[in-house]
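Below is one structure, written out as structure tokens, with a few remarks after it.
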Amino acid sequence: MRSKTNGTEPRAIKLIANPLKHWAKETSRQVKGHLRAAGHRVVRRGASITICIGGDGTILYANHRNRIQGAVLGIGSECSFICQLTRKNWKKGLLPLIRKARAESRQMLEARCGRAHYRAINDFVVHANDYRVIELDVRMARKNHRFEADGIIVSTATGSHAYAYSAGGRRLPLASRSIAVVPICPYKRLLGPSVLRNRAAIEIRVNRESGFIVDGIFIRNIRAGEKVVVRAGKTIRFLRKG
């Protein structure tokens, strides 16, 4: 077995493919054969690496469903940002990444909304359900901010390259433990994008029912006056290229 993996121990690897993408299902089948031919084990539990096939959203959804085990390796399209490999180059890059097994930790966020707890790789978003602005009461860095906007994004460094950046936020180094807070179209720009240290907690209330979104996934509506508290959570490990 050791010779098949070029002198490294065979690894237990979990595969998660986006069932809505035909290319992801076919690639998953090919990846499974590729891994087994190299001496690795494809498992459902006890994995040291999880390979998510289908794009960034596949990783985000797998994390939301608590299906990721060990370090993450993503195979997506050429437009993917989180994924390390694409559906065109995975055959060349897959085994070297697994063999090196160099992982980097990235900060996630956790949120409490009512009695429920959530975690996000990219961001939490509170957003108006219609075309009208909502009034937000946001407490952060020991200050209260009340303003009208379409909503607000609370983002990790990873997420700062996505929705938060499109909304005017600053892109943070992926290893950063800081938290980005970005209002969405704030009326009169009463509050601009902010960057907080990772120990900071952000409390958010709205004046009427609004949507609560985790990593692009609509979770539920929050009621007027209901509090959402966001702070730094656990880290997630990604296999590192190079």
(request) Please determine, by comparing only the residues of segment 171-213 that are polar (S, T, N, Q) and in a strand (DSSP E or B), which one is surrounded by the most Cβ atoms within 10 Å (Cβ to Cβ). (result) 210
(message) Looking for something surrounded by 14 or more Cβ atoms within 10 Å (Cβ to Cβ) and part of a helix (DSSP H, G or I) - is there at least one such residue anywhere in segment 75-85?
(response) no
(message) I need the full set of residues from segment 160-177 which are within 20 Å of residue 216 (Cβ to Cβ) and in contact (Cβ under 8 Å) with a residue 40 or more places away in the chain, in order please.
(response) 161, 162, 163, 164, 174
(message) Quick test of your reading of the structure: residue 198 fulfils all but one of (1) at pLDDT 95 or above; (2) of a type in the set (S, T, N, Q); (3) over 30 Å from residue 9 (Cα atoms). Name the failing condition by number.
(response) (1)
(request) Just need a number here: residues in segment 135-163 that are buried (at least 23 other Cβ atoms within 10 Å of the Cβ) and over 19 Å from residue 195 (Cα atoms). (result) 0
(message) Among the residues of segment 39-62, what is the count of those that are on the phi < 0 side of the Ramachandran plot and either part of a loop (DSSP other than H, G, I, E, B) or of a type in the set (Gly, Ala, Ser) (or both)?
(response) 8
(request) Given the conditions (1) farther than 17 Å from residue 92 by Cβ; (2) over 23 Å from the mean Cα position of the chain (by Cα), report the number of the one that residue 34 does not fulfil. (result) (1)
(message) Looking only at segment 19-39, count every residue that is of a type outside the set (A, V, I, L, M, F, W, C) and surrounded by 16 or more Cβ atoms within 10 Å (Cβ to Cβ) and tell me the total.
(response) 5
(request) Only residues that are surrounded by fewer than 17 Cβ atoms within 10 Å (Cβ to Cβ) and farther than 21 Å from residue 162 by Cα: list them for segment 214-224, please. (result) 220, 221, 223, 224
(request) For residue 85, indicate whether it is touching a residue at least 24 places away in the same chain (Cβ under 8 Å) and assigned by TED's automatic domain parsing to the domain that holds residue 24. (result) no
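The values are calculated or read from the model by the stated rules, or taken from the named source; none is laboratory data. Remember, predicted model here, so these are calculated numbers, not experimental data. Don't worry about glycine lacking a Cβ; one is built from the backbone with ideal geometry, like all the others, and counts go over all protein chains shown.
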